[in-house]
Amino acid sequence: MQQVVYVANPVSGFIHVFQLKDHELVPLQEVQTGGEVQPLVISPDKRWLYAGVRPDFKVLSYPIAADGRLGTPVSAPLAGSASHTCTDARGKLFFAASYAFDHVSVSPMDEAGRVLAPHQRIDQLMAAHSVTLLTTEQGEQELLVACLKNDAIRRFALNEQNRLEPHPLGDIHTATGAGPRHLALHPTNGDLYCLNELDCTLNRYHREADGRISARESLDIMPAGYEGERWGADIHLTPNGRYLYTCERASSLLTLFEVDEEDGKLTALAHFPTEPCPRGFAIDHSGHYLVVTGQESQDLALHSIAPETGYLTLLSRQPVGRGAMWVRVLALE
């Protein structure tokens, strides 16, 4: 499997492009975006990389070449600074959460896949931190917006006019002061996970057949007896859904959870030191590697994932400059 890793650094303005090859990261390209580049997302058809840039509030649509290199981008405006982005399952819509401006926006795409100006904005989503697309078995799509200051995950249905409307089953609420930040979906068992930034808990929810999403359990992502600052950041699952990882910035730790194959129950297995202040990470499409950046690090770290235990081993580092925050992995055809 040929894979390419994209890393965004808002301090330098660069997107760094690497080949993930033979257990190492090989530099392939550096692209200057001309701004504070942050959230990255790859189109469903793997032809585009979308990069949110501030302070002039825009999204850059980069065409992806056959080897993973990025071509000349096309720019489109956004309604505010993007903190997190995703697309719909068809690659026809682009969603952007704005933490600073308390909203989510919806942008159409042209026939080629380039993002256009937004056609909808929903306000009063306090500290909207992330957007996650959920597709039902019937093919219906909804958008989940983690709103940190509302202690809620807002649910929106996508209608036939490609606009969001409140979901008829209502929102999901976390504990007071939890601060929901990023979400992850299990690939097969119907579970949904929420990493809470402020209290560093991990919530597991389950999607019922009638569309209801019900709470199942909440766990601490920090080691037993930890008394330091809590500042959760990111969450990802291995492609087979067996292992789940979170990162926390104050302690610079990655936490490993095992997902029970029968009932989905989570078990915390281990904690691993990584790059200082880990803001973002990704797991490759084979499930063999975890790639992580640190806001207080100069490097991008590559960890191997032991298939029988989920344990991490540091393999190598590559320089990406201080402040790198976003990692995305593309599997080439």
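The values are calculated or read from the model by the stated rules, or taken from the named source; none is laboratory data. Small disclaimer: the values here were computed from a predicted structure and weren't measured. Note that each Cβ is placed from the backbone with ideal geometry, even for glycine, and that neighbours are counted across all protein chains shown. Just the protein is used for accessible areas: all its heavy atoms, side chains included, with ligands, DNA and RNA removed. Shrake-Rupley method; radii C 1.70, N 1.55, O 1.52, S 1.80 Å.
For segment 183-242, the set of residues classified as of a type in the set (Phe, Trp, Tyr) and within 20 Å of the chain's Cα centre (by Cα) consists of Tyr193, Tyr205, Trp231, listed by residue number. Scanning segment 103-159 for residues that are small (Gly, Ala, Ser), in contact with a Phe, Trp or Tyr (Cβ under 8 Å, 6 or more places away or on another chain), part of a loop (DSSP other than H, G, I, E, B) and under 19 Å from Ala79 (Cβ atoms) yields one hit, Ala127. Among the residues of segment 200-220, are any among the acidic types (Asp, Glu) and within 22 Å of Phe101 (Cα to Cα)? So far as segment 200-220 goes, no, none of its residues is among the acidic types (Asp, Glu) and within 22 Å of Phe101 (Cα to Cα).
Within segment 102-125, the residues that satisfy the criterion of being more than 21 Å from Ile64 (Cα to Cα) and within 19 Å of the chain's Cα centre (by Cα) are Asp102, His103, Val104, Ser105, Val106, Leu125.
Output yes when any residue across segment 305-317 is touching a Pro at 6+ places or on another chain (Cβ under 8 Å) and of a type outside the set (Gly, Ala, Ser), and no when none is. Among the residues of segment 305-317, not one is touching a Pro at 6+ places or on another chain (Cβ under 8 Å) and of a type outside the set (Gly, Ala, Ser), which makes the answer no.
Scanning segment 252-274 for residues being open to solvent by 60 Å² or more (accessible area, probe 1.4 Å), in a strand (DSSP E or B) and over 20 Å from His303 (Cα atoms) gives a total of 1.
Of Leu28, Leu49, all but one fail to be surrounded by 21 or more Cβ atoms within 10 Å (Cβ to Cβ) and not basic (Lys, Arg); the exception is Leu49.
Taking segment 52-81 as the range and being touching an Asp or Glu at 6+ places or on another chain (Cβ under 7 Å) and open to solvent by 50 Å² or more (accessible area, probe 1.4 Å) as the test, the residues that pass are Arg54, Pro55. Are any residues in segment 278-331 under 27 Å from Asp45 (Cα atoms) and open to solvent by 40 Å² or more (accessible area, probe 1.4 Å), and if so, which ones? Scanning segment 278-331 gives His285, Ser286, His288, Arg328.
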